[in-house]
Amino acid sequence: MIHSLFIINPSGDVFMEKHWKSVISRSVCDYFFDHQRKASSPEDIPPVIATPHHYLISVYRSSMFFVAVCTTEVAPLFVVEFLHRVVDTFEDYFSECTESIIKEHYVVVYELLDEMLDNGFPLATESNILKELIKPPNILRTIANTVTGKSNVSSTLPSGQLSNIPWRRTGVKYTNNEAYFDMIEEVDAIIDKSGSTVCAEIQGYIDCCIKLSGMPDLSLSFVNPRLFDDVSFHPCVRFKRWESERVLSFIPPDGNFRLMSYHIGSQSIVAIPVYVRHSLCLRESGSGGRLDITLGPKQTLGRTIENVVLEIPMPKSVLNCGLVTNQGKYTFDPVSKLLVWEVGRIDVTKLPNIRGTISLQSGSPPVEANPSINVS
Amino acid sequence: MLDSNKDNLKLEAMKRIIGMVAKGREASDLFPAVVKNVVSKNIEVKKLVYVYLVRYAEEQQDLALLSISTFQRALKDPNQLIRASALRVLSSIRVTMIVPIVMLAIKDAAADMSPYVRKTAAHAIPKLYSLDQDQKEELIQVLEKLLYDKTTLVVGSAVMAFEEVCPERIDLIHKNFRKLCSLLVDVDEWGQVVIINMLTRYARSQFTDPNLQDVDEDEESKRPFYEDENEVDEEQQEKRAPTLDPDHRLLLRSAKPLLQSRNAAVVLSVAQLYHHTAPRSEVHQVAKAMIRLLRSHREVQDIVLTSIAATATRRKVMFEPFLKSFFVRSSDATHIKLLKLEILTSLATESSVGIILRELQTYVAAHDPPFVAAAIQAIGRCASNIKEVTDTCLNGLVSLLSNKDQAVVAESVVVIKKLLQTQPSAHREIIIQMAKLVDSVTVPQARASILWLLGEYSERVPKIAPDVLRKMAKTFTSEEDIVKLQVMTLAVKLCLTNPKQTKLLCQYVLQLAKYDQNYDLRDRARFLRHIIFPADAESGGPTRLSKQAKKIFLAPKPAPVPESHFKDREQFQLGSLSHYINTKANGYQELPPFPLEAPDPKARDVETEPQVMEQAPLFTAKKVSSKKDSKFYSDTESPEDESEEDENSSDEDDDDDEEEEDSSSDKDEEEDDNEDEESSGLEEKLPKKVVKSNAKPKSDEEEEEDESDEDDSSSESVSDSDSEDESSEPSSVPKKQTRNAKPAKESTPVVKPKSNLDLLLDLDDGVFCQLISKVLSVIFCFQFLQHLLQS
């Protein structure tokens, strides 16, 4: 199982290490750095690297690498999933997970890692349990602790650990009982040059913030559950009930969590809320090109589309862009060659448009740009 | 500071030391000072000392022994958390001297009351094993006991320990197999992964191959089988199912809901279980879940795609409906793009190749060189795998030859070369066009390919080939080695077919090569010269060789068969580390082939009942309550029977419950809630339906709908259980309801619905059922009294 964990910052320093079995020298990370040098971007580093004696399994989150060292056969996804869970827990505890935050709270981080893994095997990963074992840091408590001499570490075993509902604390009390549900849907589509959809799929999540007292048992039913191609649930959801009645029945954890995520695949018809009309021509001769992009709403059923952002990774040869927008702002980063146009709300009467010239390095071949759109 | 009396100062000092440890700095010289503090009363100091101790005990064995007595004392602590953490640290101190102490501690802990401590004991087993291999036999005995445990908390860890210590002792699993299957859903995610992987191996060794009988008929019926996934399929499955061992079926059935787990590792392990053990007709069920994982983190995508790529080479049809999910997005990382291409080409069939080729065409225009190259190769693979499209592909590739990008041209040349080899019929124009490219292409690989082609098919272009050779001879010295080699080959081939025009040129080229810096080239030149131009005509040997020269050089060559390089991965268990890196990893357990004859299934028959009876009733009670726990989520509802109290067992139960309460006073409360539900469910005579109105505080739900989900009618409706509650105050509702439920509860024990017995059917022993129901009723009553007292 997981032998050691190294956390590496973008500049290639191992700034934290933790060993669950005997100590492995940090020089093992050199193999990782070799691969890092070879890869063009941090995303391209293979998640599993085999070295003569160890296997390095890494994830890349918030511009840090979490490298787990294993010595024996283990399901790689097991480790990857665990590392992501570690990062999620850090984010949960410290509200963000950056190098400086981890350095600042190294004691809590260390205690957390110690609680989460025993001898390389996950022990307690449910954030509700961890929070009972080790209180998340906040200023008020720090002050209170120094005054009263109390500690952040609980001395009793959280009751949740023992129950069959490990995700929920017992004895939760709220004066205002409330539950919030967020539905997030992402539409991913590939659209060809002529504007017809090649493939489109929806990935949706239901995130909850539950603040209910006691042991609430909720059910959530859908108008048309058949639409879901594939779903995955938080462990609190009763599988059987979903299979027989298509009703989500669950005892929620306390606080924020992701109840379910679902996928509506490429077989069903997915409506894409916006369309893009573009013309981009980069001439080889001379040193200029023209760009003209218009955005418009499509099948929105009367709702407005907001926070539209358009990103175009430009070919290497583009030097700069001189563009005019009738709405929103655009930025062009000459280093990463990324053109970002923040459109904002789409007004049906006046369609947002961006046009202008692009200056090119002379003599470089034209390349077809492929815009990817991010609507939120 | 560590010697100070104040906890605050100590804590501060420990924090700094831990900071040093975390940064990887050496802190071992502080060991004596730190170890003293292991007796500290302050729990946080203690914890940090533990962390330090585990890190450095190995280096300072003698001093570490000083701390042992503290742990031994802590092992007897009434607080289960302290017991468990003492055992954890004790077993983590890798000092050989304490092996007997740890052994003793593990034995004690394995029989501990608290499942948490037992879980820790299970964790400690592999630690001790790695410290001292001689303890194996004794450890296995403890492990056997732990495997019998029926608590979900313990089972996962016990199986993990089993995998580490004695994966070959498959006989230990027999008795627990059915229990493991039924508990699977409730075990924690990490335990699920380990259990499923272990059970896959188990299934491979204990059940016969489900695909054995229907191999031939499956080939024909495959297609209609996979296309519709609904009712029809189910029926057909049913027809075939009887060939499966009932236990095998149980395993597959209990693993299936886990495909919906949020944990990718669990999903993939179920997928591999199906891949390796399920009947062919059922494997496709996992495809959908695997596709879903593609939306996860990059690392997850990568590993899942690798698995899919390996599966797709063998089970094409499985992923065919999801073809479009493998279309490449411009935002994907390069290695993910490459994997997707790999899968796309593996999936290509006559019907789908059109769409795929269109996609591939667009990919060629991308600006990611390795990806473009792979896309062109993919076109080549499609072309040679599917005969119908070869010509179209070839035309497409030829048009790419006029592309502005050098790399694209070069790659297409190489691919065209391979394609032409497969069907060398009449492609004269292409060869001519390629010959023209020699002047412009600079990538050595491509130049070499062109030259080779010209040499091979020089008869078709008798005029051009010698001309090219002339040009190449001129630039010979400035070429790359790989091109030089091909120039020589071309020269020799031409010299054989068309000696009149090229003999001199050939000699010239070989002469140049003779003085090349590369020894490989020089060797080749010498070798060729002796075959083509035997130096001494009088000796017989060389002439015989040179007579055969034409046969040697112009022999028809078999066309290369482009294959997926994922083909050879079948030997490894899907989703394992070895599978990913395609070499055997340390400690990899081979998947055994299915046995021809199934071993005796009776081995799995659980005759644990008598054993349990023999044990103290105390243990029975524990077992029962865990049984009930497990049912809680596995089944929709489990209203248990209630009957008169059994005097004998009640005392023990009370003890047991009190024990539980010491640690977790709230646990009962939550169980009460469940029971409230259950009992009221009984009352309403709707045992199948979870009564959601009960024990559910009214909630002010607020929905925030996203803009983008407008027209798919999945508009969520948060069920506000009962709308009439809306007006009443949120907090008061649950209390009222529980109060309502209580009298109902008191009356229910008399009502004894027979139908509920079937929930306990898996315990086939009727007597045992009776016992359970009695014991349960005792627990319930006790908890109710408690509850009443509390409220």
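Number of residues in region A:165-184 that are among the aromatic types (Phe, Trp, Tyr) and within 7 Å of chain B (Cβ to nearest Cβ) equals 2. Only one entry in A:Glu111, A:Glu104, A:Glu99, A:Glu43 is crowded, with 19+ Cβ neighbours inside 10 Å and either facing chain B (nearest Cβ under 10 Å) or of a type outside the set (A, V, I, L, M) (or both), namely A:Glu111. Pairing each residue of region A:1-21 that is over 16 Å from A:Asp114 (Cβ atoms) and without any contact (Cβ under 8 Å) to a residue 60 or more places away in the chain with any residue that is buried (at least 20 other Cβ atoms within 10 Å of the Cβ) and of a type in the set (A, V, I, L, M, F, W, C), provided the two are 6+ apart or on different chains, yields C-beta distances under 6 Å for A:Ile8/A:Phe65; A:Val14/A:Phe6; A:Val14/A:Ile8; A:Val14/A:Cys29. Within region A:199-233, being at pLDDT 85 or above, open to solvent by 20 Å² or more (accessible area, probe 1.4 Å) and more than 7 Å from chain B (Cβ to nearest Cβ) holds for A:Tyr205, A:Asp207, A:Cys209, A:Lys211. The set of residues in region B:95-115 being in contact (Cβ under 8 Å) with a residue 24 or more places away in the chain and open to solvent by 40 Å² or more (accessible area, probe 1.4 Å) consists of B:Thr96, B:Met97, B:Ile101, B:Lys107, B:Asp108, B:Ala111, B:Met113. Sub-9 Å Cβ pairs linking a first residue in region B:330-343 that is at the interface with another protein chain (Cβ under 7 Å from one of its Cβ atoms) to a second residue that is open to solvent by less than 20 Å² (accessible area, probe 1.4 Å) and of a type in the set (S, T, N, Q), at least 6 apart or interchain, number zero.
On inspection, B:Ser130 passes the criterion of being surrounded by fewer than 24 Cβ atoms within 10 Å (Cβ to Cβ), under 19 Å from B:Phe162 (Cβ atoms) and within 13 Å of another protein chain (Cβ to nearest Cβ). Filtering region B:55-84 to residues that are more than 14 Å from every other protein chain (Cβ to nearest Cβ) and part of a helix (DSSP H, G or I) leaves B:Asp62, B:Leu63, B:Leu65, B:Leu66, B:Ser67, B:Ile68, B:Ser69, B:Thr70, B:Phe71, B:Gln72, B:Arg73.
Scanning region B:367-379 for any residue that is within 11 Å of chain A (Cβ to nearest Cβ), part of a helix (DSSP H, G or I), closer than 17 Å to B:Phe319 by Cβ and open to solvent by 20 Å² or more (accessible area, probe 1.4 Å) turns up nothing. Residues in region A:23-40 that are open to solvent by 40 Å² or more (accessible area, probe 1.4 Å), at the interface with chain B (Cβ under 10 Å from one of its Cβ atoms) and in contact with a helix residue (DSSP H, G or I) (Cβ under 9 Å, 6 or more places away or on another chain): A:Val23, A:Ser40.
Of the residues A:Val80, A:Val86, A:Val59, A:Val74, the single one that is in contact (Cβ under 8 Å) with a residue 12 or more places away in the chain, crowded, with 22+ Cβ neighbours inside 10 Å, β-branched (Val, Ile, Thr) and assigned to a strand (DSSP E or B) is A:Val59. Applying the criterion of being open to solvent by 20 Å² or more (accessible area, probe 1.4 Å) and either of a type in the set (Ser, Thr, Tyr) or under 19 Å from B:Val266 (Cβ atoms) (or both) to the residues of region A:240-257, the residue that is nearest to the other protein chains (Cβ to nearest Cβ) is A:Lys240. Screening region B:21-54 for residues that are among the charged types (D, E, K, R) and either within 24 Å of B:Thr96 (Cβ to Cβ) or not in a loop (DSSP other than H, G, I, E, B) (or both) and picking the one that is least open to solvent (accessible area, probe 1.4 Å) gives B:Glu44. Scanning region B:55-93 for residues that are open to solvent by 40 Å² or more (accessible area, probe 1.4 Å) and under 18 Å from B:Pro126 (Cβ atoms) yields a single hit, B:Glu58. Within the set A:Val67, A:Val74, A:Val59, the sole residue that is within 10 Å of another protein chain (Cβ to nearest Cβ), farther than 18 Å from B:Thr583 by Cβ and not polar (S, T, N, Q) turns out to be A:Val59.
Residue-wise test of (1) without any contact (Cβ under 8 Å) to a residue 60 or more places away in the chain; (2) away from every other protein chain (no Cβ under 11 Å).
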| residue | (1), (2) |
| --- | --- |
| B:Leu250 | no, yes |
| B:Ala255 | no, yes |
| B:Leu258 | no, no |
| B:Ala264 | yes, no |
| B:Ser269 | no, no |
| B:Arg280 | no, yes |
| B:Ser296 | yes, no |
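Is it the case that region A:337-350 has a residue that's touching a residue at least 12 places away in the same chain (Cβ under 8 Å), open to solvent by less than 80 Å² (accessible area, probe 1.4 Å), assigned to a strand (DSSP E or B) and touching a Cys at 6+ places or on another chain (Cβ under 9 Å)? Within region A:337-350 (the criterion being touching a residue at least 12 places away in the same chain (Cβ under 8 Å), open to solvent by less than 80 Å² (accessible area, probe 1.4 Å), assigned to a strand (DSSP E or B) and touching a Cys at 6+ places or on another chain (Cβ under 9 Å)), the answer is yes, since at least one residue qualifies. Within region B:171-185, none of the residues are at pLDDT 85 or above and more than 27 Å from B:Gln260 (Cβ to Cβ). Residues in region A:89-103 that are assigned to a loop (DSSP other than H, G, I, E, B) and under 18 Å from A:Asn9 (Cβ atoms): A:Glu96, A:Cys97, A:Thr98. Being modelled with pLDDT under 85 and of a type in the set (A, V, I, L, M) is the filter here, so list the residues in region A:69-100 that pass it. Of everything in region A:69-100, those that are modelled with pLDDT under 85 and of a type in the set (A, V, I, L, M) turn out to be A:Val74, A:Ala75. For region B:416-448, residues that are part of a helix (DSSP H, G or I) and open to solvent by less than 10 Å² (accessible area, probe 1.4 Å) total 8.
Within region A:119-138, is there a residue that is at positive phi, open to solvent by less than 10 Å² (accessible area, probe 1.4 Å), of a type outside the set (Phe, Trp, Tyr) and at pLDDT 75 or above? Yes, region A:119-138 contains a residue that is at positive phi, open to solvent by less than 10 Å² (accessible area, probe 1.4 Å), of a type outside the set (Phe, Trp, Tyr) and at pLDDT 75 or above. The residue of region A:270-296 that is modelled with the lowest pLDDT, among those that are of a type in the set (Gly, Ala, Ser) and within 32 Å of the chain's Cα centre (by Cα), is A:Ala271.
Scanning region B:461-496 for residues that are aliphatic (A, V, I, L, M) and open to solvent by 30 Å² or more (accessible area, probe 1.4 Å) yields B:Ile464, B:Ile482, B:Leu485, B:Leu496.
Looking across region B:451-460, the residues that are open to solvent by less than 10 Å² (accessible area, probe 1.4 Å) and of a type in the set (A, V, I, L, M, F, W, C) come down to B:Leu451, B:Leu453, B:Leu454.
The values are calculated or read from the model by the stated rules, or taken from the named source; none is laboratory data. Everything numeric here is computed off the predicted structure, so don't read it as measured data. Ideal geometry is used to build each Cβ from the backbone, glycine not excepted, and the neighbour counts take in all protein chains shown. Please note that ligands, DNA and RNA were not included when accessible areas were found on the heavy atoms of the full protein model with its side chains. Shrake-Rupley method; radii C 1.70, N 1.55, O 1.52, S 1.80 Å.
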